Each structure stands twice: as C-alpha cells, then as structure tokens.
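In what follows, a single structure is set out as structure tokens and then discussed.
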Amino acid sequence: MLSRALACVHVVAVLALATCAALIWRLKCESFGCMGVGVAWFAWVLAFFPVLLVGLVLRSRASPGSRLMTLTRAAVWAQGAMGVALVAVWVIKQAG
C-alpha cells in the first residue's frame, strides 16, 4: 500500500516537474543577466534528482508485471527523457 502511494506521489511529482519546466521556459529575462531564470532552473534541478532517485528505488522494489511497475517505469523514463532533452537544449544554447 505504501509503495502504491509513493508511486502515485512520484507520478504527480514528475508531472509537476514537467509543468514547472514549461513555466520556467516561458520566463522572460529581467535585470541582472537573467539571474531569476537561472535560480529557477537551479531549484528545478534540485527537485529533479530526488524525484528521480525515488522513482528508481520504487522501480527496483516493484514486482515485475504489476501495474505499479508499469506506472513507475513510465514515469522514470518520462523524467529521464525530460532531463536529457533539457540538457541537450541547454548545451545547444550554450554553443550558439
């Protein structure tokens, strides 16, 4: 029962990370060289890794073939893809 609750919390956290990433992406730079946007991305990264760790732990503890395993695996893959995509965009922007 606790694993199911944690899996649901993890899925909601991944959705929240995706929503926050989209909102931060739309922020406009203000003064101080976009410092506010940088702080927002830093806070996002600080939330990203603990959520990923929880997802990986849940994924390793779920029994194969269960709905919990499927849900957790999808959330971990979605979070990983989101992280890789955002790092790739950051690298491309830094190079340009």
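Think of segment 1-95 as a dipole: +1 on every Lys or Arg Cβ, -1 on every Asp or Glu Cβ, centred on the Cα centre; then among SER3, CYS34, ALA95, SER3 lies furthest on the positive end. Taking R0 as 30 Å, what FRET efficiency do you get between SER60 and CYS29 from their Cβ-Cβ distance, rounded to the nearest 0.05? Efficiency computed from Cβ-Cβ geometry: 0.15. Calculated mean residue ellipticity at 222 nm for the chain: -31500 deg cm²/dmol, from DSSP H runs with n ≥ 4 weighted as -39500 (n - 2.57), summed, divided by the residue count and rounded to 500.
For the chain, the cysteines with no partner cysteine C-beta closer than 4.7 Å are CYS8, CYS20. Of LEU68, LEU15, LEU58, the order by accessible heavy-atom surface (1.4 Å probe, DNA, RNA and ligands excluded), from most exposed downward, is LEU15, LEU68, LEU58.
Largest accessible area first, the listed residues CYS29, CYS34 line up as CYS29, CYS34 when surface is computed with a 1.4 Å probe on the assembled protein chains.
Could you list the trypsin sites (Lys or Arg not before Pro) in segment 1-68 that lie in coil according to DSSP, counting only those with at most 16 other Cβ atoms within 10 Å of their Cβ?
Working: sites: ARG4, ARG26, LYS28, ARG59, ARG61, ARG67; in loops: ARG26, LYS28.
Answer in residue order: ARG26, LYS28.
Against the main long axis of the alpha-carbon atoms of the chain, helix 2-25 sits at an angle near 20°.
The values are calculated or read from the model by the stated rules, or taken from the named source; none is laboratory data. All values derive from a computational prediction rather than experimental measurement. Methodologically, a virtual Cβ is constructed for each residue, glycine included, from the backbone with ideal geometry; neighbour enumeration extends over all protein chains shown. Just so you know, the surface numbers come from the protein's heavy atoms only, side chains and all, with ligands and any DNA or RNA stripped out. Shrake-Rupley method; radii C 1.70, N 1.55, O 1.52, S 1.80 Å.
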